[in-house]
Amino acid sequence: QRVSKTFSVEGRLVQALRDVSFNLSESEVFGFVGPNGAGKSTTIKVMLDIINDYQGRVSIYGVDARCAEARQALAFVPESPALYEQFTPLEILRMALSMYGIKRKDANAWCMSVLERFSVAENANRRIRELSKGNVQRVALAHAMVVQPKLLVLDEPLSGLDPVGRKDVVDILNEYKKDGGAIFFTSHVLHDVERIADRFGFINKGE
């Protein structure tokens with residue numbers, strides 16, 4: 001609600017967000033659209049408490065976004081995922097379960113099934129550093145989905161994927177939506193947004 005954020009860049013003030021307000025309902029897919037530099041990633045950083053010196057109010061499931069509890073039901077995939085390169089996809093997913101405090105007797109099988117959905121199961125035991133950019137993007141998405149979040153926050157989720165990969169991921173996100181999951185995602189490719197979003201927000205120059 002009414003979020004504004006100003007940065008100091010080389011001695012001058014730049015207003016990245018100006019009085020931005022929106023809401024997202026449960027089980028809704030909200031596409032956040034705008035050109036590069038419009039304020040999309042800054043908005044996500046505010047939602048995730050990466051940036052917390054802003055004006056206005058942000059709450060997730062009724063909890064102030066500055067509180068860690070607000071993110072318990074949320075998973076995030078940045079535009080350029082930085083996964084630990086020395087680990088394997090299977091280890092990355094097992095780590096996600098551990099970080100979220102999720103204990104499953106079938107943890108390995110569950111992680112493999114999620115990797116299978118993203119068509120990277122054959123690379124489950126290869127190091128991240130050995131994978132292509134597209135496969136790293138798939139592993140990052142699998143890493144978010146393995147914890148079965150109520151809300152997925154995705155920054156340009158289809159960047160780096162080939163046409164087949166884009167279709168696969170859109171299909172998976174549609175399944176997640178049908179199962180009751182909510183998605184907030186940014187994009188500057190309107191075609192991607194139209195395929196899965198229920199509603200759109202347009203941002204330009206922070207407004």
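The values are calculated or read from the model by the stated rules, or taken from the named source; none is laboratory data. Here the structure is a predicted model, which means the values were calculated and not measured. Because the Cβ atoms are built from the backbone with ideal geometry, glycine has one as well, and the counts that use them run over all protein chains shown. Note: accessible area is taken over every heavy atom of the protein model, side chains too, but ligands, DNA and RNA are not part of it. Shrake-Rupley method; radii C 1.70, N 1.55, O 1.52, S 1.80 Å.
Checked against the criterion of being touching a helix residue (DSSP H, G or I) at 6+ places or on another chain (Cβ under 8 Å), of a type in the set (D, E, K, R) and loosely packed, with under 12 Cβ neighbours inside 10 Å, the stretch 78-89 has at least one qualifying residue.
Across the stretch 1-42, the number of residues qualifying as assigned to a strand (DSSP E or B) and of a type in the set (D, E, K, R) comes to 4.
Can you tell me which residues in the stretch 111-167 are of a type in the set (Gly, Ala, Ser), open to solvent by less than 20 Å² (accessible area, probe 1.4 Å) and in a loop (DSSP other than H, G, I, E, B)? Please lay out each step first, then the result.
Step one: filter the stretch 111-167 for residues of a type in the set (Gly, Ala, Ser), giving 113, 119, 121, 124, 132, 134, 140, 142, 144, 159-160, 165.
Checking the rest, the ones that are also open to solvent by less than 20 Å² (accessible area, probe 1.4 Å) come to 121, 124, 134, 140, 142, 144, 165.
The one that is of a type in the set (Gly, Ala, Ser), open to solvent by less than 20 Å² (accessible area, probe 1.4 Å) and in a loop (DSSP other than H, G, I, E, B): 124.
Only residues in the stretch 8-30 that are open to solvent by 80 Å² or more (accessible area, probe 1.4 Å) count as the first member; pair them with residues that are modelled with pLDDT of 90 or more, Cβ under 7 angstrom, at least 6 apart or cross-chain, and list the lot. What qualifies is 13/6; 18/4; 18/206; 18/207; 26/182. Residues that are modelled with pLDDT of 85 or more, loosely packed, with under 14 Cβ neighbours inside 10 Å and either in contact with a strand residue (DSSP E or B) (Cβ under 7 Å, 6 or more places away or on another chain) or assigned to a loop (DSSP other than H, G, I, E, B) (or both) occur at least once in the stretch 178-186. Looking across the stretch 42-74 at every residue that is crowded, with 17+ Cβ neighbours inside 10 Å and polar (S, T, N, Q), the one that is farthest from residue 150 (Cα to Cα) is identified as 42. Within the stretch 160-177, residues that are aromatic (Phe, Trp, Tyr) have Cβ atoms under 6 Å from residues that are open to solvent by 90 Å² or more (accessible area, probe 1.4 Å) in no pair, counting only partners at least 6 apart in sequence or on another chain.
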